[in-house]
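A short write-up of the structure that comes next.
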Amino acid sequence: MGEETDFIIVGAGSAGCVLANRLSEDPRNRVTLIEAGGSDARFFVHLPLGYGKLFYDPAVNWMYQTEPDPGLAGAADHWPRGKVLGGSSSINAMVWIRGQAEDYHDWGKAVRGWGWDDVLPAYRAIEDNEAGEDAFRGKGGPLFISANQRGLHPLVPTYLEACAQAGLRTNSDFNGADQEGAGVYQMTIRGARRNSAARAFLRPAKRRQNLRVLTQAMVTKVMIQNGRAVGVEYRQGGQAKVLLARREVILSGGAINSPQLLQLSGIGPAEVLQRNGISVLVDNPNVGRNLSDHQGINYTWEMTVPTYNDVLRPWWGKLWAGMQWALAGQGPLAKSINHGGGFFRTDPAMTRPNMQLYMQAFSTLLPKAGERPLLTPDPWSGMSLGLSNCRPTSRGSIEIRSSDPMQHPKIVANAFSTDHDVTEMLAAVKYLRHLAAQPALAKLIKRELRPGPEIQSDEDLIADFRARSGTVYHPSCTCRMGDDPDSSVLDGKCRVRGVDGLRVIDASSFPSLISGNTNAPAILMGWMGANKILGK
Ligand SMILES: Cc1cc2nc3c(=O)[nH]c(=O)nc-3n(C[C@H](O)[C@H](O)[C@H](O)COP(=O)(O)OP(=O)(O)OC[C@H]3O[C@@H](n4cnc5c(N)ncnc54)[C@H](O)[C@@H]3O)c2cc1C
């Protein structure tokens, strides 16, 4: 029939790498990790600002496109996802944010065992935080987190001063007691190199005899017999193969691929499966539904002082930046694209932040049709202030288009499809100009570039963010966990309802989207999911 292993993990991404590490700690467990992409031994994966080079690179990226979205002025949005060891943690912007305690209070209400008091010890166990240990941060765990305090661009303190002038206090730890304020993000960067889940969790485990990692191997179906997952079918090197699981199959393919694979395997909305000629094993309308994602936009200004545009545009500047990185582990290439950050409320009556800020000491060229080129600096000294919504109410979906596993599924993002999301984004973009008008920044600004001073009315501001905004790459919740079987796909142990021996553990399992970037909670899913499997 095929080879056998104890645990099959599908996908070596943020969650999958953690699972591979934790499950193979016990030498009695034989674990096989199957990854559709290849090795992460690539220069631009390891160079932090190499981020921009991976954005459209099909060698490491699934390069998804959404359906044309009415909420984005009819545009189809580009959705990069990592297709390489480390998954999206190998191509992301490396910001380390856990979210707000209240997000996990919501998780705890939706599913027992996932409240703030449950996840905080797990986060602390995961982290080796450069900022040191306290009631919130962890030290000595497998994942080094950079406090990101060295070599900040001079505009970062100016940005913090402007935020303070606008009444937004400086916050030295967004992952501490309170998320609100402006500051610099902690980063998954170690020694001036990206600290992906592959580097932090998979590499140390790879030498174990009981862990096998298959790359360039695409799982096409979960094999289910008599209501139990018994293995997977996959393709590698042009050949169709089978691998059997003595204990469990765990899907960690991410928020797009995991629901796709469930649907291809006969688990999902009956009507969608039947339309695509797939026999229905479990009719669950929630598979691929509840797609939640953050939407973001940048405003840019020309400055009277030098920014990274002046360094990264000329060839000699690039050479200088390359030398700074190679010789000293410093300079713009050693950093994330996001130099400053923050969280604020669009309405002071709110009890917690509903918007996330990003400050970049550079600005990029206007995109050509269908593109969002990164790292092509404007031919002047530019600065960007961007934001994304923390808890959007718009929901989309993932659906297979055919029974062909190689065909990308249909992604309906439904961005800005609720009045709530449009109204709060309108208030938020006005806040960006409010920040830029504060004395600390205003004195250094020559002119507003985008959207430009002619865009003033509410109608024009909305039209602008519909035309220029897009995903900030956090799709989640498409196989969500919950105690309520009618509105969820998974139970509180990440087990797929209606099938034995099958779990989904990745960003698709989130009960709801958290207020911030999603790598930390995806890694948390891997960690907590392993605890559930191991009975810890
Ligand atoms: C461009 C970009 C920027 C981002 N920036 C940030 C940031 O700064 N901070 C942050 O916190 N988050 C960020 N994110 C989001 C974050 O990285 C993801 O939410 C997180 O990595 C998701 O983890 P995951 O385990 O769910 O899936 P992934 O990490 O995407 O892993 C899924 C893995 O499964 C593999 N796979 C899928 N299907 C199959 C199959 N059928 N067979 C075999 N293998 C398969 C994939 O190739 C991939 O390696 C960003 C994401 C992107 C794309």
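Values in this text are rule-based calculations from the coordinates and carry no lab data. For clarity, every value in this text was computed on a predicted model and none was experimentally measured. Here Cβ is always computed from backbone atoms with ideal geometry, including for glycine, and neighbour counts include all displayed protein chains.
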_For a test of the definition: using alpha carbon positions, the gyration tensor, and the 1.5 limit on a/c, classify the range 208-301 as rounded, prolate or oblate._
oblate
*Could you pull out every residue, at least 5 positions away or on a different chain, whose amide H is within less than 5 Å of the one on Trp96? Hs are placed 1.01 Å off N in the peptide plane, and Pro or chain starts have none.*
Gln186, Met187, Thr188
*Karplus couplings for the range 42-55 from phi (6.51 cos²θ - 1.76 cosθ + 1.60, θ = phi - 60°), rounded to Hz, Gly and Pro as x?*
9, 3, 6, 6, 7, 6, x, 7, x, 2, x, 7, 9, 5
*Rounded to the nearest whole Å³, what is the per residue volume of the convex hull around the Cα atoms of the range 246-341?*
243 Å³
*HN-Hα J couplings of the range 281-288 from phi, Karplus 6.51/-1.76/1.60, θ = phi - 60°, integer Hz, Gly and Pro as x?*
9, 9, 8, 10, x, 7, 6, x
*Too long at a 20 Å Cα-Cα cut-off: which of Lys53/Lys335; Lys53/Lys206; Lys53/Lys318; Lys221/Lys410; Lys109/Lys493?*
Lys53/Lys206
*asked:* As an exercise, take the mean of 1/r over every pair of distinct alpha carbons in the range 17-88, invert it, and state the Kirkwood radius in angstroms.
replied: 14.4 Å
*Taking neighbour counts of Cβ atoms within 10 Å as a proxy for exposure, in what order, fewest first, do Asp128, Asp484, Asp69 appear?*
Asp484, Asp128, Asp69
*Quick one: Cα centre-to-centre distance for the range 221-299 and the range 437-471, in angstrom?*
42 Å
*asked:* Run lengths n ≥ 4 of DSSP H only: what is the helix-derived mean residue ellipticity at 222 nm for the chain, with -39500 (n - 2.57) per run over all residues, to the nearest 500?
replied: -7000 deg cm²/dmol
*asked:* I need two numbers for the range 156-242: Rg to one decimal and Dmax as a whole number, Cα atoms only, in Å.
replied: 23.1, 65
*asked:* Filter the chain for me: DSSP H helices, axial length by Cα at least 20 angstrom, mean Kyte-Doolittle hydropathy not below 0.5. List them by residue number.
replied: 519-534
*Give me D for the range 76-175 in µm² s⁻¹, whole number, from Stokes-Einstein with Rh from the Kirkwood sum over alpha-carbon pairs, 4 °C and 1.567 mPa s.*
79 µm²/s
_Tell me which of Tyr104, Leu449, Met223 sits at the most positive position along the dipole axis of the chain, charges placed on C-beta atoms (Lys, Arg +1; Asp, Glu -1)._
Met223
*What is the order of Asp458, Asp57, fewest Cβ neighbours within 10 Å to most?*
Asp458, Asp57
_the range 296-446: radius of gyration over Cα atoms, expressed as a fraction of 2.2 N^0.38 Å_ = 1.29
*Calculated log₁₀ intensity ratio I(q)/I(0) where the Debye formula runs over C-alpha points of the range 138-182, q = 0.24, 0.29, 0.30 Å⁻¹*: -0.95, -1.09, -1.11
_Quick one: 3J(HN,Hα) in Hz for the range 377-389, Karplus 6.51/-1.76/1.60 with θ = phi - 60°, rounded, Gly and Pro as x._
x, 4, x, 8, 7, x, 9, 10, 10, x, 8, 9, 6
*Sequence neighbours fewer than 8 away in the same chain don't count; with that in mind, list the aspartates and glutamates whose C-alpha is under 19 Å from Lys139.*
Asp117, Asp118, Glu127, Asp128, Glu130, Asp173
*Surrounding net charge for Arg137, when Lys and Arg each add one and Asp and Glu each subtract one, Cβ distance under 15 Å*: -4
_Global geometry of the range 465-516, whether rounded, prolate or oblate, following the gyration tensor of its Cα atoms and the 1.5 cut on a/c_ = prolate
*So what is the orientation-averaged projected area of the chain, using the convex hull of its C-alpha atoms, in nm²?*
23.3 nm²
